[in-house]
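Peer 1: Please see the structure below; I have some questions.
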Amino acid sequence: MPPFLAASALLLAVTLGYATLCAASPFGNCRKCNGLGFALTTDRKGKPKRGKPCRRCKGHGIRIRVGRHLFNIAARIHRDGTR
């Protein structure tokens, strides 16, 4: 198999895999708080305690994936254009 076809097949497989992931699970963990919804802080004795809610995810602990966000934008443009 020529390298071009192998690279094309690999790129297609990765793209379809990511599209399937975005369709099955559109939300992922927040990168800043690791899905907790708040930042862990330590008190003076070194014990971890719950801090303020995460500013990036507003305390929910989830974020929308990039692929799903792009799909939502494309669907909104198509829906607005076909009215």
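The values are calculated or read from the model by the stated rules, or taken from the named source; none is laboratory data. Everything quoted here is computed from the prediction, not taken from an experiment. Counting neighbours? That spans all protein chains shown, and the Cβs are built from the backbone with ideal geometry, glycine included. Quick note on the areas: whole protein, heavy atoms, side chains included, nothing else; ligands and nucleic acids left out. Shrake-Rupley method; radii C 1.70, N 1.55, O 1.52, S 1.80 Å.
Peer 1: Please enumerate the residues belonging to region 37-62 that are under 30 Å from Ala74 (Cα atoms) and of a type outside the set (Lys, Arg).
Peer 2: Step one: list which residues in region 37-62 are under 30 Å from Ala74 (Cα atoms), which gives 37, 54-62.
Correct list: Gly37, Cys54, Cys57, Gly59, His60, Gly61, Ile62.
Peer 1: List pairs: first in region 24-43 and farther than 11 Å from Gly61 by Cβ, second open to solvent by less than 50 Å² (accessible area, probe 1.4 Å) and of a type in the set (D, E, K, R), Cβ under 9 Å, 6+ apart or cross-chain?
Peer 2: Ser25/Arg65; Pro26/Arg65
Peer 1: A further question on this structure: Of the conditions (1) open to solvent by less than 60 Å² (accessible area, probe 1.4 Å); (2) among the small types (Gly, Ala, Ser); (3) under 13 Å from the mean Cα position of the chain (by Cα), Ala23 satisfies every one except a single condition; which number is it?
Peer 2: Ala23 satisfies all of (1) open to solvent by less than 60 Å² (accessible area, probe 1.4 Å); (2) among the small types (Gly, Ala, Ser); (3) under 13 Å from the mean Cα position of the chain (by Cα) except (1).
Peer 1: Would you confirm, using the coordinates I've provided, whether Arg55 is without any contact (Cβ under 8 Å) to a residue 60 or more places away in the chain, in a loop (DSSP other than H, G, I, E, B) and open to solvent by 70 Å² or more (accessible area, probe 1.4 Å)?
Peer 2: yes
Peer 1: So is Arg50 open to solvent by 80 Å² or more (accessible area, probe 1.4 Å) and in contact with a Leu (Cβ under 8 Å, 6 or more places away or on another chain) or not?
Peer 2: Numbers: open to solvent by 80 Å² or more (accessible area, probe 1.4 Å): yes; in contact with a Leu (Cβ under 8 Å, 6 or more places away or on another chain): yes.
Yes; evaluated as a whole, the condition is true for this residue.
Peer 1: Please enumerate the residues belonging to region 58-83 that are in contact with a Cys (Cβ under 7 Å, 6 or more places away or on another chain) and open to solvent by less than 80 Å² (accessible area, probe 1.4 Å).
Peer 2: Initial filter on region 58-83 (in contact with a Cys (Cβ under 7 Å, 6 or more places away or on another chain)): 61-63, 65, 67-68, 71.
The answer is Gly61, Arg63, Arg65, Gly67, Arg68.
Listed here are the residues, each with its yes/no results for (1) open to solvent by 90 Å² or more (accessible area, probe 1.4 Å); (2) at pLDDT below 90.
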residue: Ala6; (1), (2): no, no
residue: Thr15; (1), (2): no, no
residue: Tyr18; (1), (2): yes, no
residue: Phe38; (1), (2): no, yes
residue: Thr41; (1), (2): no, yes
residue: Arg44; (1), (2): yes, yes
